[in-house]
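In what follows, a structure is listed as structure tokens, so that the remarks can point back to it.
The values are calculated or read from the model by the stated rules, or taken from the named source; none is laboratory data. Quick caveat, the model's predicted, so the values are computed rather than measured. So basically every Cβ, Gly included, is an ideal-geometry build from the backbone, and we count neighbours across all protein chains shown.
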Amino acid sequence: MDNIINQYNFIDLFAGAGGLSEGFVQAGFKPLAHVEMNQFAAQTLQTRIAYYYLKANKKLKVYRDYLRGVITREEFLSKIPDSILRSVLCETMSDKTLPSIFDTIDMILAENNISKVDVIIGGPPCQAYSLVGRAQSSHMITPMQDDPRNELYKLYARFLKRYQPRMFVFENVMGIQSANGGKTWKNIKTYLKRVGYEIECHEQNSRSFGVLQNRRRMIIVGWLKDSGLKYPEFEVIEPDALVNDLLNDLPAILPGEKSNEYSDRKISKYVKTQKIRERGDILTLHESRSNKERDIEIYKRVIELWNNGHQRLNYNDLPEELKTHKNRDSFLDRFKVVEGDEQYCHTMLAHISKDGHYFIHPDISQHRSITVREAARIQSFPDNYFFEGPRTSQFIQIGNAVPPLMAKGIAVGVEHELSKKGDIDGKKSFT
């Protein structure tokens, strides 16, 4: 890659599909390595770094040929140097695997003449900390307090101890501070401080970063003790847009249909400004689930209620012939339309991988759940971001991701902090 002076670098742990990483890249940071255990998410990361390599070398035709199916994935990856591809480590982090992961990252640093890691980002899988997860814990074989994922922060701390980045960003769900009666959060703070960091934890909402989604997350930021750094100040962005602005230029399709060609509908200012869709993009992953007639009838009722007064469907209000669930006491809002005429829609969840009932398209003429591409747009992923694997995995990757636009805002704040202190560590640029 091109030599960039004073460009900060980062390592992404528990990287998922790369939402957090994408935001840092968009803000000008250079990725050194991604560590992710899921095979399909790791493939998505490889595809994305391949995209950036081809873009930098003015060879995007190769990428577009891959998206169109003109070349196979094997042929596509053969165009990318091994030194680029091996920066994605598809590994499950554990005490056993960490030495080899460290060796690989050390090799990447040495090959690129990098003496210092600037930032480590990422957040361990969040189900063990989440409020929803704990509410369901009584129905699980392994209670939440005994979930081994509760202690993944210890592995994160070992990366901090080894590479001593000037700052780190640890993203997680609401509830991390109260998990396990507060003991987990106390232990996390103790571990992170023990390896040389001061930390702060604050709630952030993606809607404050220009994302058209109400998504609350805890953002923990740490910095080396006595470095003079602090928790960044993030610029609040309030876009003049509605959720429909994300959806309206995509082709209208019915349940079970797909489209690989953009429609001639007008592109909204928001989509243009945020570079969600750019000239030359190939439309992918715009295929809707097939639905039973019963579900379609329910969808129409849900959409009509919302569009005519912002009312939500109560499951018990459905005619008996449309009801299939025996549970009539909870999850009565299991059918929910995306709020197209509002500035923000409800939180995108990985549960969309199971069914689309909670994310119904607001256009009654389409009477379907949203597609992978529409879900990605709600999460602020650009259309040229391709998700690998089967549709179930694609939805999980998107639902679990940090919205790139939110991540970009966080990265800008981090960059501002780092630049205030200058290159005091004798940092070398990524090449």
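Residue check: GLU22 meets all listed conditions (1) buried (at least 16 other Cβ atoms within 10 Å of the Cβ); (2) in a loop (DSSP other than H, G, I, E, B); (3) in contact with a Lys or Arg (Cβ under 8 Å, 6 or more places away or on another chain) but one, namely (2).
Which helices (runs of 4 or more DSSP H) does segment 53-101 wholly contain that include 1 or more residues that are free of Cβ contacts under 8 Å to residues at least 40 places away in the same chain, more than 23 Å from the chain's Cα centre (by Cα) and farther than 21 Å from ASN384 by Cα? Step through it out loud before you land on a result.
Numbers: elements: 60-68, 73-77, 82-85.
Of the helices (runs of 4 or more DSSP H) lying wholly inside segment 53-101, those with at least 1 residues that are free of Cβ contacts under 8 Å to residues at least 40 places away in the same chain, more than 23 Å from the chain's Cα centre (by Cα) and farther than 21 Å from ASN384 by Cα span 82-85.
Selection of segment 228-264 for residues being farther than 28 Å from SER208 by Cα and either among the polar types (S, T, N, Q) or part of a helix (DSSP H, G or I) (or both) yields SER259, ASN260, SER263.
Residues are listed down the side, and each one gets a yes or a no for (1) assigned to a helix (DSSP H, G or I); (2) in contact (Cβ under 8 Å) with a residue 12 or more places away in the chain; (3) over 22 Å from TYR51 (Cα atoms); (4) charged (D, E, K, R):
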residue	(1), (2), (3), (4)
PRO382	no, yes, no, no
TYR385	no, yes, no, no
GLY389	no, yes, no, no
ILE398	yes, yes, no, no
VAL402	no, yes, no, no
LEU405	yes, yes, no, no
GLU415	yes, yes, yes, yes
SER419	yes, no, yes, no
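Restricting attention to segment 102-128, the residues that are more than 23 Å from the chain's Cα centre (by Cα) and over 22 Å from LEU418 (Cβ atoms) total 7.
A single member of ARG207, ARG217 is touching a residue at least 60 places away in the same chain (Cβ under 8 Å) and in a helix (DSSP H, G or I), and it is ARG207. Take GLU339 and tell me if it is over 29 Å from PRO251 (Cα atoms) and either assigned to a helix (DSSP H, G or I) or modelled with pLDDT of 95 or more (or both). Taking the combined requirement at face value, the residue does not satisfy it. From the list LEU45, LEU54, LEU85, the one residue that fits, being modelled with pLDDT of 95 or more and touching a Ser or Thr at 6+ places or on another chain (Cβ under 8 Å), is LEU45.
If a residue must be over 23 Å from ALA33 (Cα atoms), of a type in the set (S, T, N, Q) and either surrounded by 24 or more Cβ atoms within 10 Å (Cβ to Cβ) or within 24 Å of the chain's Cα centre (by Cα) (or both), how many such residues does segment 163-183 contain?
So the first thing to find is which residues in segment 163-183 are over 23 Å from ALA33 (Cα atoms), and the list is 173-183.
Going one step further and asking which of them are of a type in the set (S, T, N, Q), we end up with 177-178, 180.
Within this subset, residues satisfying the condition of being either surrounded by 24 or more Cβ atoms within 10 Å (Cβ to Cβ) or within 24 Å of the chain's Cα centre (by Cα) (or both) are 177-178.
Residues flagged as over 23 Å from ALA33 (Cα atoms), of a type in the set (S, T, N, Q) and either surrounded by 24 or more Cβ atoms within 10 Å (Cβ to Cβ) or within 24 Å of the chain's Cα centre (by Cα) (or both) within segment 163-183 amount to 2.
Taking the criterion of being assigned to a loop (DSSP other than H, G, I, E, B), in contact with a strand residue (DSSP E or B) (Cβ under 6 Å, 6 or more places away or on another chain) and at pLDDT 95 or above, the residues of segment 5-19 that qualify are PHE14, ALA15.
In this structure, GLU200 does not satisfy being buried (at least 23 other Cβ atoms within 10 Å of the Cβ) and not in a helix (DSSP H, G or I). For the subset of segment 34-45 comprising residues that are crowded, with 24+ Cβ neighbours inside 10 Å and either among the hydrophobic types (A, V, I, L, M, F, W, C) or out of contact with any Asp or Glu (no Cβ under 6 Å at 6 or more places or on another chain) (or both), which member is nearest to LEU98 (Cα to Cα)? The selected residue is VAL35.
In segment 258-289, the qualifying residues are those that are at pLDDT 95 or above and small (Gly, Ala, Ser), and the one that is surrounded by the most Cβ atoms within 10 Å (Cβ to Cβ) is SER288. Restricting ALA350, ALA411 to those that are farther than 23 Å from TYR262 by Cβ, of a type in the set (A, V, I, L, M, F, W, C) and buried (at least 24 other Cβ atoms within 10 Å of the Cβ) reduces the list to ALA411. Could you tell me which of the residues ILE352, ILE303 is closer than 30 Å to LEU45 by Cα and not charged (D, E, K, R)? None of the others qualify; the one that does is ILE352. The residues on offer are GLU342, GLU321, GLU261, GLU297, and the sole one that is charged (D, E, K, R) and closer than 28 Å to ARG207 by Cβ is GLU342. ASP2 meets each of the listed conditions (1) more than 24 Å from ASN260 (Cβ to Cβ); (2) out of contact with any strand residue (DSSP E or B) (no Cβ under 7 Å at 6 or more places or on another chain); (3) modelled with pLDDT of 95 or more apart from (3).
No other residue among MET167, MET218, MET140, MET174 is among the aliphatic types (A, V, I, L, M) and at pLDDT below 75 apart from MET140.
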